[in-house]
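The values are calculated or read from the model by the stated rules, or taken from the named source; none is laboratory data. Quick caveat, the model's predicted, so the values are computed rather than measured. Cβ coordinates were reconstructed from backbone atoms using ideal geometry, including for glycine residues, and neighbour counts include every protein chain displayed.
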Amino acid sequence: MIYFYYIGWKKGQHIFFNEIHHSGVYQRVYEKLDIVQDIYAHPENYKAETLEHHTRVAMRELALEKVRKLKYPEFPSRMSCLYVSDSPEEAEKWAGLFIAWGRPTYSIVKLRIKGNLFTGDANNCKGVYFQGA
């Protein structure tokens, strides 16, 4: 049996993904959708360096999703995935990063995955501040 580690951010959290329940990435992106659409419609009213962090993240995630749908539809959407770590040590590094970003982080949870598994490497992403465990 293979186990993974997840950074829990809500006490007593149960995780479901379906048409009603979405991932945290999805929720954070769609909370910023109105301002992102306004930025696209009126870019002259905004300066990139003054955009709030989560607005910049939403813009990035929406751009990645557009490319994924067009060029890589066989891969899962980042907005419908649960991000897990291979080891408790790697999860601790992510938890530290999330805390530094101001994201609530309560515990690291050991879990068994039911469903599809797609493995990616965050070290290939700009802005990751540590090497994986």
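Among the residues of the range 40-59, write down those that are touching a helix residue (DSSP H, G or I) at 6+ places or on another chain (Cβ under 9 Å) and either surrounded by fewer than 11 Cβ atoms within 10 Å (Cβ to Cβ) or part of a helix (DSSP H, G or I) (or both). Steps first, please.
We begin by selecting, within the range 40-59, every residue touching a helix residue (DSSP H, G or I) at 6+ places or on another chain (Cβ under 9 Å); these are 40, 45-46, 48, 51-59.
If the condition is that a residue be touching a helix residue (DSSP H, G or I) at 6+ places or on another chain (Cβ under 9 Å) and either surrounded by fewer than 11 Cβ atoms within 10 Å (Cβ to Cβ) or part of a helix (DSSP H, G or I) (or both), then Y40, N45, A48, E52, H53, H54, T55, R56, V57, A58, M59 are the ones that fit.
Hey, among R103, R78, R112, which residue is over 18 Å from the mean Cα position of the chain (by Cα) and in contact (Cβ under 8 Å) with a residue 40 or more places away in the chain? Steps first, please.
Details: R103 fails: over 18 Å from the mean Cα position of the chain (by Cα); R78 fails: over 18 Å from the mean Cα position of the chain (by Cα).
Only one candidate qualifies: R112.
Out of all the residues in the range 21-39, which are more than 17 Å from the chain's Cα centre (by Cα) and either in a loop (DSSP other than H, G, I, E, B) or exposed (fewer than 10 other Cβ atoms within 10 Å of the Cβ) (or both)?
Within the range 21-39, just D34 meets the criteria.
Identify, please: which residue in the range 72-108 is surrounded by fewer than 14 Cβ atoms within 10 Å (Cβ to Cβ) and acidic (D, E) and is, among those, farthest from F4 (Cα to Cα)?
E74
Is it true that some residue in the range 108-116 is β-branched (V, I, T), at pLDDT 75 or above and touching a helix residue (DSSP H, G or I) at 6+ places or on another chain (Cβ under 7 Å)? Before you say what the answer is, go through the steps one by one.
Within the range 108-116, the first condition is being β-branched (V, I, T), and the residues that meet it are 108-109, 113.
Keeping just the survivors that are at pLDDT 75 or above gives 108-109, 113.
Narrowing the set further to residues that are touching a helix residue (DSSP H, G or I) at 6+ places or on another chain (Cβ under 7 Å) leaves 108.
So far as the range 108-116 goes, yes, one or more of its residues are β-branched (V, I, T), at pLDDT 75 or above and touching a helix residue (DSSP H, G or I) at 6+ places or on another chain (Cβ under 7 Å).
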